[in-house]
Structure formats: C-alpha cells, structure tokens
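Scroll down for the structure; my scribbles are underneath it.
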Amino acid sequence: MTSKMKGISGLVVLLSVLVVLSHCASVYKEAAPTLPGVKAEDMSADIERLEEIADKDADPSVRAKAQLRLAKLYSAHKNPKPNYQQALKRLEMYLSFNPAEGEADEMQNWLALLRELVREHDELRKAKQTINQLTKENKELKDTLQGLKDLDIKMEEKRRQVK
C-alpha cells in the first residue's frame, strides 16, 4: 500500500513540475521579441501601416504597442534595410508610454545595444565624410604636384635651350 502511495505521490510531483515548467516556457516565449510570420518583402508595408497607427491612433495603448512593434521591425534581422536610429526612437517612445517596462533588464539591454549601434553608425558616417574629404584633397594635391612636375620639365627644357 505504501509503495502504491509513493508511486502516486511521485506521479503527482512529476505532473506538477511539468505544469510549472510549461508555464515558464510560455512566459518566456511571450516576452521574447520575435516577429512571427514577418517576411522581409512585407516589412516596408508593415512599417508604413504601423507608423500611421503609432502617430495618429486615439488609443494610447494601441499607439504604444505600435511603437514597440516598429522598434522590433526596424531592428529585425530579417529587415533588408534595418534602421537602428528609428528603432531606438520608437523604443524610447514606447517606454515613455510604459516607463515601468523600461526597468526590465531585457529592455535596458536592448536600449543599450541600440544606443551603441546608433553611436557607432554616426561615427562611421563621420569617418566616411572625413575619408571623402581627404580623398578629394589628396586628388587636388596630386594634380598640383603633377602641374609642378610639368612646369619643372618645361623650365628644364628652356634652360637647355638657353645654354
């Protein structure tokens, strides 16, 4: 009789653990920033539609959800033209609607990553501008140097003629 009770109580404990674990898995799945069913070719249309909702909908909760969705779409790995600056802007707007969510580690990590990406992008853009400017100046210097070489050759020819 006691072995039967132990078997039943073991089964109850096992089922309890399975229920708890399945609940944890579903909570994690809901919190993960996934974009199920989004295709790369549909992203620009989704973004356009969500921008309209995020900027003009009368319901603040709908606007907030649209801001979060936009942040996810702009930074999605499937996006052929990700825009991390817009993703950061939309995430910050979402958090202005829901400041309590901004305290979550996941949101803070996402914010930090987006801020760093935007900063790096700005630095890269400035570096490219500097490179373009230096390339232009280098070409001008090469042209000037070639002009001086040509002038030197002409002067040398005139010296030979004078002698």
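The values are calculated or read from the model by the stated rules, or taken from the named source; none is laboratory data. Remember, it's a predicted structure, so these values are computed and weren't measured experimentally. When we count neighbours, we look across all protein chains shown, and the Cβ atoms used for this are built from the backbone with ideal geometry, even at glycine.
Numerical summary
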| item | result |
| --- | --- |
| Meets criteria (surrounded by 13 or more Cβ atoms within 10 Å (Cβ to Cβ) and touching a Pro at 6+ places or on another chain (Cβ under 7 Å)) for Tyr74 | yes |
| Set Gln85, Gln129, Gln108: member being within 30 Å of Pro60 (Cα to Cα), at pLDDT 95 or above and outside any loop (DSSP other than H, G, I, E, B) | Gln85 |
| Qualifying positions in the range 88-98 - within 13 Å of Pro60 (Cβ to Cβ) and either touching a Phe, Trp or Tyr at 6+ places or on another chain (Cβ under 9 Å) or of a type in the set (Phe, Trp, Tyr) (or both) | Tyr94, Phe97 |
| Boolean, Lys56 is touching a residue at least 12 places away in the same chain (Cβ under 8 Å), among the charged types (D, E, K, R) and exposed (fewer than 14 other Cβ atoms within 10 Å of the Cβ) | no |
| Test: residue in the range 138-161 that is touching a residue at least 24 places away in the same chain (Cβ under 8 Å), part of a helix (DSSP H, G or I), surrounded by 10 or more Cβ atoms within 10 Å (Cβ to Cβ) and within 44 Å of the chain's Cα centre (by Cα) | no |
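Yes or no, residue by residue, for (1) within 29 Å of Leu124 (Cα to Cα); (2) touching a strand residue (DSSP E or B) at 6+ places or on another chain (Cβ under 9 Å); (3) in a helix (DSSP H, G or I); (4) modelled with pLDDT of 90 or more:
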| site | (1), (2), (3), (4) |
| --- | --- |
| Val12 | no, no, yes, no |
| Ala58 | no, no, no, yes |
| Arg63 | no, no, yes, yes |
| Ala66 | no, no, yes, yes |
| Lys89 | yes, no, yes, yes |
| Met93 | yes, no, yes, yes |
